[in-house]
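J.: Below is a structure I'd like to ask you about.
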Ligand SMILES: [Zn+2]
Ligand SMILES: [Zn+2]
């Protein structure tokens with residue numbers, strides 16, 4: 001039997017069966033702020049903390065509701081956290097969620113979204129990264145957040161269907 005993590009299966013929207021480490025995320029955000037020469041403000045800290053406790057992807061409305069600032073400011077906070085590598089944005093669903101993987105800079109992330117249960121898994125591929133970069137380069141496009149979103153059926157759902 002596969003070992004189960006603490007949080008696995010607690011919530012149908014639970015992603016990637018990960019155990020979020022808020023400290024790891026905060027360290028990453030602090031380092032990013034330092035490298036940019038900007039402060040890690042209490043507001044940035046608050047925005048990040050949302051993801052540490054949510055343990056599920058958050059919609060923009062949920063985030064705005066909880067930190068209660070103007071949406072423009074929310075966008076900026078999220079952009080900072082995205083750049084810091086603390087969170088990802090799933091454009092097709094307008095969802096934001098924490099990432100504990102340490103992606104190397106410019107590495108493309110592939111999100112696999114299950115149409116049945118909504119689970120999101122992420123993976124990376126050097127081939128995809130190179131392909132995306134190459135394709136963008138031919139158009140003179142500067143890639144900021146190289147991501148690919150793929151819809152389908154997760155292994156769990158596929159197994160359930162087979163029974
Ligand atoms: Zn990630
Ligand atoms: Zn599924």
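J.: Looking at (1) modelled with pLDDT of 95 or more; (2) within 11 Å of ligand 1 (Cβ to nearest atom), find the lone condition where residue 78 falls short.
T.: Result: residue 78 passes all but (2).
J.: Let me ask something else. Identify the residue in region 117-163 that is touching a helix residue (DSSP H, G or I) at 6+ places or on another chain (Cβ under 8 Å) and more than 19 Å from residue 97 (Cα to Cα) and, among all such residues, is nearest to ligand 2 (Cβ to nearest atom).
T.: 153
J.: If you don't mind, another one. Can you pull out the residues in region 46-61 that are surrounded by 15 or more Cβ atoms within 10 Å (Cβ to Cβ) and assigned to a helix (DSSP H, G or I)?
T.: Answer for region 46-61, where residues must be surrounded by 15 or more Cβ atoms within 10 Å (Cβ to Cβ) and assigned to a helix (DSSP H, G or I): 47, 48, 49, 50, 51, 52, 54, 60.
J.: Here is a follow-up. Does residue 119 qualify as being surrounded by 11 or more Cβ atoms within 10 Å (Cβ to Cβ), without any contact (Cβ under 8 Å) to a residue 60 or more places away in the chain, within 26 Å of residue 54 (Cβ to Cβ) and more than 14 Å from ligand 1 (Cβ to nearest atom)?
T.: no
The values are calculated or read from the model by the stated rules, or taken from the named source; none is laboratory data. Please read these numbers as outputs of a predicted model, since none were measured by experiment. All Cβ positions, glycine included, derive from the backbone under ideal geometry; neighbour counts span all protein chains shown.
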